[in-house]
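Asker: Following this message is one structure expressed as structure tokens.
Each value in this text was obtained by applying a stated rule to the coordinates, not by laboratory testing. Note that the coordinates shown come from a computational prediction; the quantities given were computed from them, not determined experimentally. Every residue, glycine among them, receives a Cβ derived from its backbone with ideal geometry; neighbour counts consider all protein chains shown.
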Amino acid sequence: MEARPGRMRASLFLLICIFIVACNEAEEEGIGKVIVNDLPRIATPSFNQDSAYIYISEQVEIGPRVPNSPEQDSCAKYLISKLRSFNLEVTTQEGQVTGYDGMKLRFINIIASSNPESHKRILLCAHWDTRPIADRDVSRRNEPIPGANDGASGVGVLLEIGRLLGSTPPNIGVDIVLFDVEDYGRPSVNNSYCLGSQYWSKAALAKGYYPKYGILLDMVGAKDAQFYMEGYSRRYAPHVVKKVWEIAANLGYSNHFIFKQIPPITDDHLYVNTLANIPCINIIQHDPLTPTNFGSYWHTHNDNMDIIDKGTLKAVGQTILEVVYTEK
Ligand code: AHN
Ligand code: ZN
């Protein structure tokens with residue numbers, strides 16, 4: 001049978017009408033509708049660099065925060081009571097791990113949550129312990145270091161962020177995790193660093209904890225510190241690197257956040273990425289002019305309050321706050 005063009009056109013018209021009616025009905029039922037998140041934008045609070053500086057000096061005052069020492073206990077108490085005073089929900093994860101030298105090391109990971117009931121969450125982390133030896137120094141190499149930059153700086157920035165999260169809750173949930181026993185490692189022994197975060201990451205995976213992404217702060221307090229786009233951060237969380245560096249640039253901190261790449265660095269974020277499956281970046285100082293790339297004071301007794309700079313703390317703290325408060 002031969003199709004007649006008039007009838008073909010009529011059928012096509014009918015089909016189109018049916019399709020349009022069906023689409024409208026689907027839309028009324030909510031099918032194919034875009035759900036818009038119209039939560040009000042909460043203004044980003046101002047990061048107080050003086051406050052962060054005090055939180056760093058209070059940790060350094062306690063003395064080196066070496067695993068199994070009395071200072072480990074007093075600093076844990078200090079951090080827990082500070083975070084509780086900010087009205088955050090604080091828990092700890094405690095236990096024992098074995099160091100590269102066979103030592104049993106007590107660890108206390110400290111977790112502080114804002115909006116604990118929110119499903120959409122972001123992880124902010126840093127290590128709070130300090131290295132038991134000054135193996136990069138020329139003298140007193142077997143004595144512990146003050147760890148003002150390597151330990152206290154990331155924690156000081158996160159304490160100030162915690163204070164602001166408590167007084168001005170953002171739209172999303174935020175978990176601040178302070179890892180213990182990061183720096184009790186030996187350079188030649190694989191996976192000997194980051195023992196607290198390795199433990200935490202396995203437990204996070206087992207619990208089904210899955211924030212959108214994580215940001216690790218390590219050595220974020222030195223004068224003129226520069227942060228480059230680190231290898232594992234780029235491998236596992238390129239979208240987070242881009243977001244953070246762009247926000248820093250928009251805030252005028254491109255003198256600290258450099259749009260250049262550096263190779264991977266083994267640090268807590270590696271285990272958060274590979275053991276907990278949480279995309280996590282590392283904001284870590286990179287100094288191409290020193291042999292270690294971590295600054296001349298790294299793992300020496302010169303890692304004290306003299307090298308801490310409030311301008312660097314402000315750049316890092318305000319950038320992280322902007323990331324948190326623009327998330328919804
Ligand atoms: C390495 O030295 C390979 N990673 C640095 C981890 C670290 C030590 N961060 C602070 N102290
Ligand atoms: Zn270190």
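Asker: Is it the case that the stretch 285-294 has a residue that's surrounded by 20 or more Cβ atoms within 10 Å (Cβ to Cβ), outside any loop (DSSP other than H, G, I, E, B) and either polar (S, T, N, Q) or within 16 Å of ligand 2 (Cβ to nearest atom) (or both)?
Answerer: Scanning the stretch 285-294, I find at least one residue that is surrounded by 20 or more Cβ atoms within 10 Å (Cβ to Cβ), outside any loop (DSSP other than H, G, I, E, B) and either polar (S, T, N, Q) or within 16 Å of ligand 2 (Cβ to nearest atom) (or both), so the answer is yes.
Asker: Out of curiosity, is Asp224 among the acidic types (Asp, Glu) and either away from ligand 2 (no atom under 16 Å from the Cβ) or touching a Cys at 6+ places or on another chain (Cβ under 8 Å) (or both)?
Answerer: Working: among the acidic types (Asp, Glu): yes; either away from ligand 2 (no atom under 16 Å from the Cβ) or touching a Cys at 6+ places or on another chain (Cβ under 8 Å) (or both): yes.
So Asp224 passes the test.
Asker: Arg186 fails exactly one of the following numbered conditions: (1) assigned to a strand (DSSP E or B); (2) more than 30 Å from Asn255 (Cα to Cα). What is the number of that condition?
Answerer: Looking at each condition in turn, Arg186 falls short on (1).
Asker: I would also like to ask the following. Do we find that Arg141 is without any contact (Cβ under 8 Å) to a residue 24 or more places away in the chain, within 20 Å of Asn302 (Cα to Cα) and either part of a helix (DSSP H, G or I) or in contact with an Asp or Glu (Cβ under 9 Å, 6 or more places away or on another chain) (or both) in this structure? Quick ask: steps written out before the conclusion?
Answerer: On the way: without any contact (Cβ under 8 Å) to a residue 24 or more places away in the chain: yes; within 20 Å of Asn302 (Cα to Cα): yes; either part of a helix (DSSP H, G or I) or in contact with an Asp or Glu (Cβ under 9 Å, 6 or more places away or on another chain) (or both): yes.
Criteria met by Arg141.
Listed here are the residues, each with its yes/no results for (1) aliphatic (A, V, I, L, M); (2) closer than 18 Å to Ala152 by Cβ; (3) surrounded by 13 or more Cβ atoms within 10 Å (Cβ to Cβ).
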position: Gln72; (1), (2), (3): no, yes, yes
position: Lys77; (1), (2), (3): no, yes, no
position: Ser81; (1), (2), (3): no, yes, no
position: Asn87; (1), (2), (3): no, no, yes
position: Val90; (1), (2), (3): yes, no, yes
position: Gly95; (1), (2), (3): no, no, yes
position: Asp101; (1), (2), (3): no, no, no
position: Asn109; (1), (2), (3): no, yes, yes
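Asker: Consider only pairs whose beta carbons are under 7 Å apart and that are at least six residues apart or on different chains; among these, list those whose first residue lies in the stretch 206-233 and is among the basic types (Lys, Arg) and whose second residue is assigned to a loop (DSSP other than H, G, I, E, B).
Answerer: Lys212/Lys120; Lys223/Asp309
Asker: Which ranges mark the strands (runs of 3 or more DSSP E) fully within the stretch 204-268 that have 1 or more residues being exposed (fewer than 14 other Cβ atoms within 10 Å of the Cβ), more than 16 Å from ligand 1 (Cβ to nearest atom) and among the small types (Gly, Ala, Ser)? Lay out the reasoning, then the answer.
Answerer: Numbers: elements: 213-218, 227-230, 257-262.
Qualifying strands (runs of 3 or more DSSP E): none found.
Asker: Give the residues of the stretch 295-328 that are among the hydroxyl-bearing types (Ser, Thr, Tyr) and outside any loop (DSSP other than H, G, I, E, B), sorted by residue number. Give the steps one after another, and end with the answer.
Answerer: Keep residues of the stretch 295-328 that are among the hydroxyl-bearing types (Ser, Thr, Tyr), which gives 296-297, 300, 312, 319, 325-326.
Of everything in the stretch 295-328, those that are among the hydroxyl-bearing types (Ser, Thr, Tyr) and outside any loop (DSSP other than H, G, I, E, B) turn out to be Thr312, Thr319, Tyr325.
Asker: Report yes if some residue within the stretch 311-326 is surrounded by fewer than 20 Cβ atoms within 10 Å (Cβ to Cβ), more than 16 Å from ligand 1 (Cβ to nearest atom), of a type in the set (Lys, Arg) and closer than 22 Å to Thr44 by Cα; otherwise report no.
Answerer: Within the stretch 311-326, not a single residue is surrounded by fewer than 20 Cβ atoms within 10 Å (Cβ to Cβ), more than 16 Å from ligand 1 (Cβ to nearest atom), of a type in the set (Lys, Arg) and closer than 22 Å to Thr44 by Cα.
Asker: Mind listing just one residue for me: the one in the stretch 295-310 that is of a type outside the set (A, V, I, L, M, F, W, C), in contact (Cβ under 8 Å) with a residue 12 or more places away in the chain and within 16 Å of ligand 2 (Cβ to nearest atom) and, of those, surrounded by the most Cβ atoms within 10 Å (Cβ to Cβ)?
Answerer: Asp303
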